[in-house]
Amino acid sequence: MGSEIHVQQHEPIAEIDPNLYGHFAEHLGRCIYGGLWVGEDDRVPTDDGIRMDTIDLLANLEMPVLRWPGGCFADDYHWEDGIGPREERPTRRNAFWTQGRADIPEEPNEFGTEEFMRVCDLLDAEPYLAANLGSGSPGEAADWLEYCNYDGDTELANRRAENGSEEPHDVKFWGVGNENWGCGGRLSPEQYAEEFRRFATYLRSVDGLLSEQDVELVSVGHIHDDWNRKFLDALSECASFTEGPYDLMEHMSVHRYYEAGSDTDFDDEEYFRLLARSRKVGGDVDNAVDALSVYAPESDISIVVDEWGVWHPEATNTNGLEQENTVRDAISAAGVFDDLHERADVVAMANIAQTVNVLQCLVQTDEEDAWATPTYQVFDLYENHAGGTALDTVVDTDAHEVEDEPYDVPLVSASASAHGDEVYVTLSNRALDSEDVTVSLDEASASVADSAVLFADTEVDEYSRKDNADAFTPGEIDVDENGDGIFEVSVPASSVVALTVEA
Ligand code: AHR
């Protein structure tokens with residue numbers, strides 16, 4: 001019978017923030033060291049130690065924002081260790097990704113704030129820093145903000161200039177800790193509310209002195225609704241607010257990871273189970289928005305999903321959270337983006353975990369080469385939505401039920417956005433057979449200007465290796481136009497299609 005997608009051009013949702021296509025790079029395994037930074041190694045082209053083959057691939061994605069240095073790493077990172085002459089920087093253990101593991105080296109601090117800012121410059125990406133709330137102090141966090149953004153005549157601003165950056169870095173996004181309900185100190189929601197108020201107060205005191213860049217603070221939220229509600233409730237318990245307590249943050253974060261079966265060895269039911277679980281990202285956003293509507297109904301705090309993606313059992317602490325990256329993973333990412341577009345009015349940013357080599361990475365490297373994963377191709381196709389207006393998109397399709405999962409899997413997932421006279425439509429066929437899909441728009445004069453398909457000729461368990469990355473690049477697909485703004489596409493099994501429509 002096929003599936004039908006109707007793009008309601010006259011039902012705009014909101015602008016899709018380009019930061020939905022954001023990334024996350026942590027000092028963990030080979031993400032930074034080996035993936036983005038090789039220092040003196042001359043086996044790959046570098047820019048003062050930064051690995052340019054990785055950068056070239058990422059630059060092609062027009063990465064909007066990059067979160068750093070963690071993750072759990074952030075809550076035991078002392079930023080002053082990573083500035084100044086590299087040969088004088090201390091080697092440290094980190095409480096999470098280095099301590100006590102012989103196979104993961106200590107943190108050499110070769111890659112610090114200035115190196116990170118250089119990566120952001122090369123990628124033209126907005127930096128997003130996660131401050132250390134777990135083992136750091138509010139003063140240390142405020143000093144980092146001063147070092148990065150202050151343009152006056154203070155010791156810290158002058159130190160930045162001595163380190164090569166006369167102009168402030170104008171870092172807009174600041175995370176106030178990371179997962180402080182877990183690795184970042186195992187705090188109760190009430191304890192985190194207290195710490196958050198303290199840290200945010202000192203960060204805001206520097207923010208008030210900045211002439212160029214207003215700072216946006218991101219609080220730590222949880223996928224457990226109860227935690228969010230207790231945190232937001234406890235935040236209000238302070239007698240001396242000149243502003244409301246909820247003015248201390250612009251965003252609240254949630255993190256969501258999922259798996260089903262192994263990275264490359266899964267049956268059909270596990271294939272669908274992973275897709276069902278990836279739908280939790282949208283559910284987490286809805287829960288966080290509901291909690292905010294109860295405790296901070298007057299605020300316009302938005303949601304930042306600053307870690308998301310597939311975390312297979314093969315990614316263990318001892319291998320630096322590396323796993324194979326399959327077509328199945330990439331198809332799940334397409335569905336997550338559709339769900340985020342539907343929530344474009346409340347989601348300000350999302351950051352896949354992680355950019356290079358770790359978890360659902362977009363780029364993998366060895367000592368000589370860098371190559372793109374299937375998920376990279378989904379980002380490349382989907383990021384054309386960035387900055388457009390998300391349009392309500394109605395999908396009429398069968399759903400695959402998965403036992404014991406709260407979400408089923410609609411066999412076709414889709415989203416659309418308006419860009420002036422163009423509408424960009426993306427859809428994925430998650431069925432394991434091809435599916436006839438009819439796409440219709442409100443405007444009868446609409447016609448397809450461009451089309452592309454991903455994964456038409458690959459199996460769902462195929463994964464990227466150094467020698468096969470071309471297998472995942474987009475191909476052409478036929479689209480039948482039968483007038484009245486209606487298009488028909490035979491969408492291959494487990495594939496992703498994009499249509500650019502002139503409307
Ligand atoms: O991305 C890997 C880890 O997952 C991060 O360090 C942490 O924030 C999360 O639990």
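The values are calculated or read from the model by the stated rules, or taken from the named source; none is laboratory data. Everything quoted here is computed from the prediction, not taken from an experiment. Please note: Cβ atoms are built from the backbone with ideal geometry, for glycine as well, and neighbour counts cover all protein chains shown. Note: accessible area is taken over every heavy atom of the protein model, side chains too, but ligands, DNA and RNA are not part of it. Shrake-Rupley method; radii C 1.70, N 1.55, O 1.52, S 1.80 Å.
What to note about this one:
- Accessible area of segment 399-503 belonging to carbon and sulfur atoms, whole % at 1.4 Å probe: 38 percent
- Once the C-beta distance of residue 163 and residue 319 is scaled by a Förster radius of 30 Å, the resulting FRET efficiency is 0.30 to the nearest 0.05.
- For residue 96, the solvent-accessible surface with a 1.4 Å probe is about 50 Å², rounded to the nearest 10.
- Modelled this way, with points 7 Å down the Cα-to-C-beta line, the labels at residue 500 and residue 201 are 5.3 nm from one another.
- Once the Cα-Cα distance is subtracted from the 0.36 nm per residue extended length, the residue 442 to residue 194 segment shows a gain of 84.2 nm.
- Percent antiparallel among DSSP beta bridges (both partners in segment 9-392, rounded to 5): 20 percent
- Against the main long axis of the alpha-carbon atoms of the chain, helix 327-342 sits at an angle near 80°.
- Efficiency of FRET between residue 434 and residue 471 - r from beta-carbon atoms, R0 22 angstrom, step 0.05: 0.75
- Put simply, the Cα atoms of segment 9-392 extend 57, 52, 43 Å along their principal axes, the longest span coming first.
- Only DSSP H runs of four or more residues enter the estimate; each adds -39500 (n - 2.57), and after division by the residues of the chain the mean residue ellipticity at 222 nm equals -7500 deg cm²/dmol.
- Residue-count net charge about residue 237 - beta-carbon cut-off 12 Å; Lys, Arg +1, Asp, Glu -1: -1
- Applying 1/(1 + (r/R0)^6) with R0 = 60 Å to the Cβ-Cβ distance of residue 488 and residue 43 gives a FRET efficiency near 0.75.
- Label zone at residue 121 (point 7 Å along Cα-to-Cβ), backbone N below 17 Å, segment 67-89: 83-86
- At full extension, residue 392 and residue 293 could sit 33.4 nm farther apart than now, given 0.36 nm per residue minus the alpha carbon distance.
- Taking the accessible area of segment 9-392, probe 1.4 Å, and keeping the other protein chains in place, the carbon and sulfur fraction comes to 42%.
- Size of electric dipole in segment 9-392: Cβ of Lys, Arg +1 and of Asp, Glu -1, about Cα centre, debye, nearest 20: 980 debye
- Computed over neighbours whose Cβ is under 10 Å from that of residue 327, the net charge equals -3, Lys and Arg +1, Asp and Glu -1.
- Lone cysteines, the chain (no partner Cβ under 4.7 Å): 31, 120, 148, 238, 361
- Accessible area per residue, Å², the chain with all protein chains present, probe 1.4 Å: 39 Å²
- Peptides ranked, highest mean first, by Cβ atoms within 10 Å: ranges 360-370, 388-398, 291-301, 421-431: 421-431, 360-370, 388-398, 291-301
- Computed Kirkwood radius, in angstrom, where 1/r is averaged over Cα pairs of segment 1-77: 15.6 Å
- Residue 170-residue 399 pseudo-label distance in nm [points 7 Å out on the Cα-to-Cβ vector]: 4.5 nm
- With 10 Å bins from 0: P(r) over segment 131-213, alpha-carbon pairs, percent: 19, 44, 26, 11, 0
- Each peptide in 402-415, 321-334 gets a packing score, the mean of other Cβ atoms within 10 Å over its residues, and the list from highest to lowest is 321-334, 402-415.
- Signed unit charges on C-beta, dipole axis of segment 10-127, positive-most listed residue 13, 46, 24: 24
- Taken over the alpha carbons of segment 318-458 as equal point scatterers, the Debye sum produces base-10 log I(q)/I(0) values at 0.14, 0.16, 0.22 Å⁻¹ of -0.77, -0.98, -1.52.
- Extension gain (nm, one decimal) between residue 135 and residue 264, 0.36 nm per residue minus Cα-Cα: 42.7 nm
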